[in-house]
1. Hey, can you grab everything whose amide H is under 5 Å from the amide H of F46? Only 5+ residues off in sequence or another chain; H modelled, so Pro and N-termini drop out.
2. Quick one: which residues, 5+ away or cross-chain, put their amide H under 5 Å from the amide H of T76? H built at 1.01 Å from N.
3. Against the empirical 2.2 N^0.38 Å scaling, what ratio does the C-alpha Rg of segment 22-98 come to?
Amino acid sequence: MRMSITALLVLVVACTGDAPPRTCDGTLYDACSDEHDCVSNNCHNFMMQQFQVCSTTCTVGDDSPCLTTSDGKKATCVAISTTGNAGICTPPAANDCKH
């Protein structure tokens, strides 16, 4: 009986740990080192937010190409220059994945 309880406790402890993050596959907002890591071919360094992720261009005022992050948070189109409407989809955080 004691052996069964011990085995059960070991299984419960083993199953309650957090699952490891998925491997980054180049999806929007996955961590990246360069454009070749991204399906969009656009690896952008968001210096103020302190992360570098795959992103895509957009037109300021139109967030439609800016999909949500893997945990459902909305990205927004932020201007990348002071002239024109060129923007980059900016997530609130990088996707939870390992690079």
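Here, each number is a calculation from the coordinates, and none is a lab measurement. Keep in mind the model is a prediction, meaning the values are calculated, not measured.
1. F51, Q52, V53
2. Excluding prolines and chain starts, which carry no amide H, the hits are T90.
3. 1.01
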